1. Is at least one residue of the stretch 109-131 open to solvent by 90 Å² or more (accessible area, probe 1.4 Å) and over 21 Å from A2 (Cα atoms)?
2. In the stretch 44-63, how many residues are open to solvent by less than 30 Å² (accessible area, probe 1.4 Å) and either among the basic types (K, R) or touching a strand residue (DSSP E or B) at 6+ places or on another chain (Cβ under 8 Å) (or both)?
3. In the stretch 168-206, which residues are touching a Ser or Thr at 6+ places or on another chain (Cβ under 8 Å), of a type in the set (A, V, I, L, M) and not in a helix (DSSP H, G or I)?
4. Within the stretch 50-87, count every residue that is of a type outside the set (D, E, K, R) and modelled with pLDDT under 95.
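The values are calculated or read from the model by the stated rules, or taken from the named source; none is laboratory data. A quick note: this is a predicted structure, and the numbers were derived from the prediction, not measured. All Cβ positions, glycine included, derive from the backbone under ideal geometry; neighbour counts span all protein chains shown. Side chains included, ligands, DNA and RNA excluded: accessible areas come from the protein's heavy atoms. Shrake-Rupley method; radii C 1.70, N 1.55, O 1.52, S 1.80 Å.
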Amino acid sequence: MAKTYVYVDGFNLYYGCLKRTPYKWLNLAKLAQALLPNDSVETIKYFTARVSARPQNPSAPIDQQVYLRALRTIPNLEIIFGHFLTHSIPMTLTGVMPPQRVWVDKTEEKGSDVNLAAHLVRDAFQKRFEVAVLVTNDSDLAEPVRIVTKELGMPVGILNPHEHHSVTLKPLATFVKRIRQSHLIASQFPPALTDRKGSFSKPRSW
């Protein structure tokens, strides 16, 4: 069985197949096992950023903390944080005459794709894995995937959480698999978990 490292683009996974579903309580180790049954998954690296409360989802920070606590019960999983950046930009309202410009607060997640790329390339150069697998469909990761597959000659697979494969990423990957609903259903944490701090449960809103 190939020694495999799995790199999870947390927000690409969330927006690709978890948002507005009952499957957010996702055990990433079980998901990797379901999709990579012939691999020995040595390490899972989960790249994310801490979310802030929003009027439409005030419980988001607490829900995320509970989920991160659940992920930390997986022995071989590491969490690497980026950050959110909010700034105001002018935008034009559609369907309004005469045209009107308004200022909109735009929040962007920063750092996760760069962090993932850096860890992937560093681990490849240090030969920490025999196979790398990325959970993403982000075409911004095409260049680090190309470096590892073409220049270092090491296999990189993609587990795609979106319906369609990236036309930029797919040709560079050694293999591509879609994450399907059946995989999500089979890869849930139990409703209640226990860690060193005690017992805790899946967020009610999930």
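1. Yes, there is a match, as at least one residue in the stretch 109-131 is open to solvent by 90 Å² or more (accessible area, probe 1.4 Å) and over 21 Å from A2 (Cα atoms).
2. 7
3. Within the stretch 168-206, L169, A173, A192, L193 qualify.
4. 16
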